[in-house]
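Okay, so here's the structure we're looking at.
The values are calculated or read from the model by the stated rules, or taken from the named source; none is laboratory data. The structure displayed is predicted, hence computed values, not measured ones. Cβ coordinates were reconstructed from backbone atoms using ideal geometry, including for glycine residues, and neighbour counts include every protein chain displayed.
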Amino acid sequence: MTQYLPILALFIVAALFAGLSFMASGLLAPYRPTDAKSAPYECGIVPDREPAERFPVRFYLVAMLFIIFDIEIIFLYPWAVIFKETASPVFLLVEMLTFAATVFVAFIYLISHGALDWGPLKRLRPMAPISPARTSESTVRRIRPAARDEAA
Amino acid sequence: MFLASAGDPLFVDGINFAVALAVIIKVVLAFAFLLVSVLMMIWFERKIISDMQNRVGPDRAGPWGILQSLADGTKLFFKEDLLPDRADKRIFRLAPYLSAVPAFLSFAIVPIGGTITFGHYTTELQVADPPIGILFLLAMSAVAVYGVMLAGWSSGSKYPLLGSVRASAQMVSYEAALGLAVAAVVLYTGDLSTRAIVTGQEGLLRHILPSWNVFRLGFVPFFVFLIASTAELNRPPFDLVEAEQELVGGFHTEYSSIRFALFFLAEFMNTITMSAIVVTLFLGGPDGPGFHFLRWLWPILWFLGKTLVLLFVQVWLRGTLPRLRYDQLMDLGWKVLIPGSLVWLLILGGMLISFKWGLIVLGISVLFGAALIRARSLGAQRVGEVGS
């Protein structure tokens, strides 16, 4: 564990630096709070309601998907470390391929249901036809000169 | 070739006074180096950006305005530290620590040179060389998400909240791509220690190119890591977290004075660390030709030079590219970078066994890639229909 000693030392120095900066700022800076200063900053508009407490469900989806991929990555690291030493790399590769494919199938399912689509809604649902007999083809044919003659 | 990471040879005889002193000297030097380089980086960025935009930039404080960041930092100490009414005060005070301390710590694993000997002690020119190495970096960047998330959450204000929710979704998305790109490096090195990763890249590849990971791994993990780390840092063109036109200042809107300064410091320190990590993982770290005199100096110069080039690239990206839209950001992260780097990693694994296995994995990947493209168009259709 001695290899971590310098990290601990750096942690102490960094935390001390941050703490001392706050203390210095507390000593040097003025402190004259007013209502306007301590109100939430909204570019001059007086805030009249609490900030939202709910978020679009997509953010939660991203978080869950991240956990799945992060776990996959956690399994990947030991795999990557021993890959060159092992006696049977083919077995390791097939194993990881199976695992990655399983995760990937779930990922593709999610994508195909639009779980990660954030964009502006690009497409409107096609309108239902007014009568089944009236299609775009019949409409187009009616206004063509030849079709008009036939109709007359 | 298996490179066992023995760790820093400084600790082979256990800890005594001289070793403790060496640790303290290294830590204080690294700390000072980080602070000074952040000040220089802020000046460098402002100067380059102003050159790109036909402006003069800072030119009053010191020669070429080099002391501008120092003046700004000093000014922030004298500014009033506001605490919003609606803020969750304890978490509001905690968040800058959570952002700044990991920023300092993640630099600890970067090897900035070879080894140095004093007396009968030998030490590596890096703050620490733990066996988990690069995982430590990923852990620290995961902790940094909490700093950003809690800062916005505890402000009790609309824009910081939106900014922090965006930020955490963005940072976790790109962390997956980041981890997959690093896994490719680990696959070729067989070790997690950053020192082993750097020594594994010495030598020549086919007698022409340096045997750096950027060439050995076929560019893809390098570019995935570069893009993902830019997004992880919330730097342009991925700075949706603090998109001024939409969110005022993003997650740190309510922060002022030295608390704001710590967020700013952490952001630039992370930029420097990430550039140094790209150099370590993909560009051979301190590897490069040296001369016989001052043997210890050349690796450090190589490391600093490469890092400077990458820092310039970061500034260049900021000066050139427009900000992404949120859906473009998520599409790039989830539907391009993550599947791409995962597939590339598995192909690399196949290629390590034999060319035939590489082709087999490539074939399977093409099938899955086709399925992914189909799934994308299906998904876009469904969302469009539901939304109307």
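Quick one: A:ARG58 ticks every box in (1) under 26 Å from B:GLN245 (Cα atoms); (2) modelled with pLDDT of 80 or more; (3) of a type outside the set (Val, Ile, Thr) bar one, so which box is it?
Every listed condition holds for A:ARG58 apart from (2).
Would the stretch B:71-86 turn up any residue that is over 29 Å from the mean Cα position of the chain (by Cα) and among the basic types (Lys, Arg)? Give the derivation first.
Of the stretch B:71-86, the ones over 29 Å from the mean Cα position of the chain (by Cα) are B:78-86.
Of the ones still in play, those that are also among the basic types (Lys, Arg) are B:79, B:86.
Checking the stretch B:71-86: at least one residue is over 29 Å from the mean Cα position of the chain (by Cα) and among the basic types (Lys, Arg).
Go through the stretch B:43-56 and count every residue that is surrounded by fewer than 17 Cβ atoms within 10 Å (Cβ to Cβ) and without any contact (Cβ under 8 Å) to a residue 60 or more places away in the chain.
So the count comes out to 5.
Hey, can you tell me all the residues within the stretch B:11-66 that are among the acidic types (Asp, Glu) and closer than 30 Å to B:LEU125 by Cβ?
If the condition is that a residue be among the acidic types (Asp, Glu) and closer than 30 Å to B:LEU125 by Cβ, then B:ASP13, B:GLU45 are the ones that fit.
Check off (1) assigned to a helix (DSSP H, G or I); (2) charged (D, E, K, R); (3) within 14 Å of another protein chain (Cβ to nearest Cβ) for B:ASP85 and give me the number that stays unchecked.
The one condition B:ASP85 does not meet is (1).
So, of the residues in the stretch B:127-180 that are closer than 11 Å to B:GLU232 by Cβ and of a type in the set (Ser, Thr, Tyr), which turns out to be farthest from the other protein chains (Cβ to nearest Cβ)?
Per the stated criteria, the residue is B:SER141.
Conditions (1) exposed (fewer than 11 other Cβ atoms within 10 Å of the Cβ); (2) β-branched (Val, Ile, Thr); (3) modelled with pLDDT of 85 or more, marked per residue:
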position: A:SER21; (1), (2), (3): no, no, yes
position: A:ASP35; (1), (2), (3): yes, no, no
position: A:CYS43; (1), (2), (3): yes, no, no
position: A:VAL46; (1), (2), (3): yes, yes, no
position: A:GLU53; (1), (2), (3): yes, no, no
position: A:ILE68; (1), (2), (3): no, yes, yes
position: A:PHE83; (1), (2), (3): no, no, yes
position: A:GLU95; (1), (2), (3): no, no, yes
position: A:ALA101; (1), (2), (3): no, no, yes
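Quick one: which of A:PHE22, A:PHE17 is more than 7 Å from every other protein chain (Cβ to nearest Cβ), in contact with a helix residue (DSSP H, G or I) (Cβ under 8 Å, 6 or more places away or on another chain) and within 30 Å of B:PHE78 (Cα to Cα)? Even if it seems obvious, please write down each step before you answer.
Working: A:PHE22 fails: more than 7 Å from every other protein chain (Cβ to nearest Cβ).
It is A:PHE17.
Looking for whichever is among the hydroxyl-bearing types (Ser, Thr, Tyr), over 30 Å from B:VAL182 (Cα atoms) and either under 16 Å from the mean Cα position of the chain (by Cα) or in a helix (DSSP H, G or I) (or both) here; the options are B:TYR146, B:TYR159. Which one fits?
B:TYR159
Matching residues to (1) at the interface with another protein chain (Cβ under 9 Å from one of its Cβ atoms); (2) free of Cβ contacts under 8 Å to residues at least 12 places away in the same chain; (3) in contact with a helix residue (DSSP H, G or I) (Cβ under 8 Å, 6 or more places away or on another chain); (4) in a loop (DSSP other than H, G, I, E, B):
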site	(1), (2), (3), (4)
B:PHE303	no, no, yes, no
B:LEU311	no, no, yes, no
B:ARG318	no, no, yes, no
B:GLN328	yes, yes, no, no
B:VAL336	no, yes, no, no
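Consider B:PRO210 carefully, then state whether it is out of contact with any Asp or Glu (no Cβ under 8 Å at 6 or more places or on another chain) and touching a residue at least 12 places away in the same chain (Cβ under 8 Å). Steps first, answer last, please.
Values: out of contact with any Asp or Glu (no Cβ under 8 Å at 6 or more places or on another chain): no; touching a residue at least 12 places away in the same chain (Cβ under 8 Å): yes.
Here the answer is no, as B:PRO210 does not meet what is asked.
From the list B:ALA370, B:ALA380, which residue is over 24 Å from the mean Cα position of the chain (by Cα) and more than 7 Å from chain A (Cβ to nearest Cβ)? Break it down stepwise before answering.
Numbers: B:ALA380 fails: more than 7 Å from chain A (Cβ to nearest Cβ).
Just one listed residue meets the conditions, B:ALA370.
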